[in-house]
Amino acid sequence: MSQMKNIKVNPDYSLQKLSIPGTSLHVLVIDEFLFNTDAVTHFAHNIAYFNPMFADNTLFPGMRDKMPMPYTRLLKHFFETFILPDIRPESCYQTSFYSSLLSLVTCEPSLLTVNQKMPHVDSCNNDDYAFVHYLSSQELGGTSFYCYKPRDLIEFNHVHKQVLPEMITKVTNNPKDHCSYITGSTSIFEQILTIEAKFNRLVIYPANVLHSANLTSPNSYCGDKNQGRLSISSFASISNT
């Protein structure tokens, strides 16, 4: 675990800022995020104790374990120093990072709950951000963003909370269209943007935008930490000081 203390951001990372269609929001894609990934992959493959699905009180379709604090501190410092001044140039703020969770998809499509067959939001708050750091390659699936077609809704705020059970009902009533992981447009959801996975790519996006992992390969949910879809999911809130 001590080697985790030495992780650092790659000074030569590259950053793309992509518009989310139909909104004024953006997704940030940072490639070659960590200078050296050895400590993180060593933790993932040799140390992490993966807890069973639902143990973290989320709907993530697999197993998770908390990342060591040095990783979360690094991510927080990077976000506050290099990302937030561009996102929120006019404000003074502080950030709270709730969790960084090493995540391995394990759930077979036939065992998914209704909620896991549809896109979701992590929050209905404009000041919350989600982070996905991919530790596997493109074929295991990145992240896609969606529009809920019946209400033309991409970005959810507190007034839209009642729409969430409505979405579940519509998905339940359209089982043929939603029988597995969602990987494209359906009768209810339109896929509007896809970010491919890439090893050591960090993606940052508003947590209140409708999204889902894009699990297109059987290996994406094989549950093998050597071959499956490993990523680190983190969540942060911004508050003005």
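Scalar couplings 3J(HN,Hα) for the stretch 116-124, obtained by applying the Karplus form with A = 6.51, B = -1.76, C = 1.60 to θ = phi - 60°, are 7, 9, 9, x, 8, 10, 8, 6, 10 Hz; x denotes Gly and Pro.
Other residues within the sphere of radius under 11 Å centred on the Cβ of ARG151, judged by their own Cβ, net out at 0 (K and R +1, D and E -1). Checking every one of the chymotrypsin sites (Phe, Trp or Tyr not before Pro) in the stretch 1-63 against DSSP loop status and a limit of 10 other Cβ atoms within 10 Å picks out TYR49. With Cα atoms as the point set, the radius of gyration and Dmax of the chain evaluate to 17.3, 51 Å. Other residues within the sphere of radius under 14 Å centred on the Cβ of VAL114, judged by their own Cβ, net out at +1 (K and R +1, D and E -1). A probe of 1.4 angstrom, applied to the heavy atoms of all protein chains, finds LEU25 with accessible area near 40 square angstrom. Amide H contacts of ASN51: ARG64, ASP65, each under 5 Å away and 5 or more positions distant or on a separate chain (H built 1.01 Å from N in the peptide plane; Pro and chain starts excluded). Karplus-derived 3J(HN,Hα) values for the stretch 15-30, using 6.51 cos²θ - 1.76 cosθ + 1.60 with θ = phi - 60°, are 10, 10, 10, 10, 6, 8, x, x, 9, 9, 9, 9, 10, 9, 10, 10 Hz; glycine and proline are entered as x.
Accessible area per residue for the stretch 142-241 is 42 Å², calculated with a 1.4 Å probe on protein heavy atoms, without ligands, DNA or RNA. In the complete set of protein chains, residue-level accessible area for SER110 is approximately 100 Å², probe 1.4 angstrom. The stretch 174-241 and the stretch 85-128 have Cα centres spaced 10 Å apart. Counting only DSSP H runs of at least 4 residues, each contributing -39500 (n - 2.57), and dividing by the residue count of the chain, the helix-based mean residue ellipticity at 222 nm comes to -3000 deg cm²/dmol.
The values are calculated or read from the model by the stated rules, or taken from the named source; none is laboratory data. This structure is a prediction, so every number in the text was calculated from the model and none was measured. Heads up, the Cβs are rebuilt from the backbone with ideal geometry, glycines too, and the neighbour counts pull from every protein chain shown. Note: accessible area is taken over every heavy atom of the protein model, side chains too, but ligands, DNA and RNA are not part of it. Shrake-Rupley method; radii C 1.70, N 1.55, O 1.52, S 1.80 Å.
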